[in-house]
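Some notes on the structure that comes next.
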Amino acid sequence: MDDAPPVHPAVEETATAVASMAIRGAAPIADAAAEALATAAAESDATDDELRVELRVAARRLHDTRPTAISLANAIRCVLGDLDPGSQRNDACALPGTGDANGDFEGASATTDDLAAWVVARASAFRDGLAEAQAAVGRVGGNRLADGDVLLTHCHSTAVLACIEAAVERDVELSAYVKETRPRYQGHATARDLQAMGVDATLLVDGAAHAVLPEVDHVLVGADSVAADGTLTNKIGTAGLAASAAVRDVPVLVAASTIKLNPETLAGHVTPIEERDAEEVLGVERRAELGDPAVANPAFDRTPPEHLDAVATEDGIVAPSNVGTILRERYGTAPPRPWDPDDGE
Ligand code: RI2
């Protein structure tokens, strides 16, 4: 794509915000990407074929920002998955609410306006579906929580918070240990949000989780990607926490709408782990003072399904071993890759 057109400023702005984590969390990233694609389509003066190229370039710019957050790839699939003339529309995604947008579009004979309008409608339906799914995950996961339960959270997950909020709305009284989650301290945002909901939050350094687990009824974590075999890829530290919870016999509940399921794992692909800048861990000056050690900063790790209790999705509680079935229903076995220049050829 050497002579690729420049991306729309809204796409560039969103990509920069996602890469720097000004916008973060798997679902918020997906929502922002869909919005940016809609703006790029709505404001383009390009002809039909040019618009397709523009949208593929925009998709690639967005896609490459956070490789582990499969919600981002799936959002692009849902919005642009059937971009080419004559393709089978609506095959790419079956989130709640996304079906209606497709009936308005005539596929191969579409004019540019139709194509742009279709992308805008698709993005809007996707975003509505995402919000609906999140609320449903909250109801499903929240039903597992009972009065007096003590929770332990890791990172900051809007899906986990939706579960806790749904329980609080049923007058369930909860308290929570909150891991601070080095190096970005997303646990601070979780503590803030829980306090605002009226849930007593106790902030912990990450290494303290094992020590408090005997007091904990549920470990609650979000997801950046769930594989067909139920392996969870989530914020670094999740795998160790789940292993500790298994030793202590504390159930681990994953809160994840189906946008977090990685369809490419059906074909044996492994979700990549994003390696972030060393400076998130150690500033340049301090690093020099320490004799310039190497710094590793993997942002995510993989938790095996046997260390997970269940996944709360918008379709109900799912055993990790059943994720593959949902993946096949939602995405089929050959999911589109609209960010890939060779997709659809
Ligand atoms: P929601 C976050 O990643 C965490 O790993 C969290 O569990 C996951 O996204 C899901 O977030 P990051 O963006 O979609 O902080 O539940 O690296 O909000």
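The values are calculated or read from the model by the stated rules, or taken from the named source; none is laboratory data. Keep in mind that what you see is a predicted model, and the values were worked out from it rather than measured. For neighbour counting, all protein chains shown are included, and Cβ atoms are generated from backbone atoms with ideal geometry for every residue, glycine included.
Quick look at the numbers
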{"item": "Residue within the range 222-235 that is farther than 23 Å from Ala73 by Cα, buried (at least 23 other Cβ atoms within 10 Å of the Cβ) and more than 10 Å from the ligand (Cβ to nearest atom) present", "result": "no"}
{"item": "Residue in the range 101-120 that is within 16 Å of the ligand (Cβ to nearest atom), surrounded by fewer than 17 Cβ atoms within 10 Å (Cβ to Cβ) and either at pLDDT 95 or above or closer than 23 Å to Ala59 by Cβ (or both) present", "result": "no"}
{"item": "Only listed residue being at pLDDT 95 or above and either within 16 Å of the ligand (Cβ to nearest atom) or more than 14 Å from the chain's Cα centre (by Cα) (or both), chosen from Val11, Val53, Val7", "result": "Val11"}
{"item": "Set Glu329, Glu314, Glu306: member being more than 16 Å from the ligand (Cβ to nearest atom), in contact (Cβ under 8 Å) with a residue 24 or more places away in the chain and within 18 Å of Asn74 (Cα to Cα)", "result": "Glu329"}
{"item": "Test: residue in the range 137-148 that is in contact with a Leu (Cβ under 9 Å, 6 or more places away or on another chain), at pLDDT 95 or above and farther than 23 Å from Asp315 by Cα", "result": "yes"}
{"item": "Odd one out for Ala239, checked against (1) within 13 Å of the ligand (Cβ to nearest atom); (2) of a type outside the set (Phe, Trp, Tyr); (3) buried (at least 23 other Cβ atoms within 10 Å of the Cβ)", "result": "(3)"}
{"item": "Odd one out for Asp340, checked against (1) in contact (Cβ under 8 Å) with a residue 60 or more places away in the chain; (2) farther than 29 Å from Arg56 by Cα; (3) not in a helix (DSSP H, G or I)", "result": "(2)"}
{"item": "Residues satisfying the stated conditions in the range 333-342, i.e. of a type outside the set (Ser, Thr, Tyr) and either surrounded by fewer than 16 Cβ atoms within 10 Å (Cβ to Cβ) or touching a Leu at 6+ places or on another chain (Cβ under 6 Å) (or both)", "result": "Ala334, Pro338, Asp340, Pro341, Asp342"}
{"item": "Test: residue in the range 187-198 that is of a type in the set (S, T, N, Q), under 16 Å from His218 (Cβ atoms), within 16 Å of the ligand (Cβ to nearest atom) and in a loop (DSSP other than H, G, I, E, B)", "result": "no"}
{"item": "Unmet requirement for Asn74, which otherwise passes all of (1) polar (S, T, N, Q); (2) within 14 Å of Val120 (Cα to Cα); (3) within 16 Å of the ligand (Cβ to nearest atom)", "result": "(2)"}
{"item": "Answer residue from the range 250-281, given it is touching a helix residue (DSSP H, G or I) at 6+ places or on another chain (Cβ under 7 Å) and away from the ligand (no atom under 13 Å from the Cβ) and is nearest to Ala294 (Cα to Cα) among those", "result": "Asn262"}
{"item": "Residue in the range 252-267 that is on the phi > 0 side of the Ramachandran plot and either out of contact with any Phe, Trp or Tyr (no Cβ under 8 Å at 6 or more places or on another chain) or polar (S, T, N, Q) (or both) present", "result": "no"}
{"item": "Extreme residue, farthest from the ligand (Cβ to nearest atom), among residues of the range 141-160 that are surrounded by fewer than 24 Cβ atoms within 10 Å (Cβ to Cβ) and in a helix (DSSP H, G or I)", "result": "Gly142"}
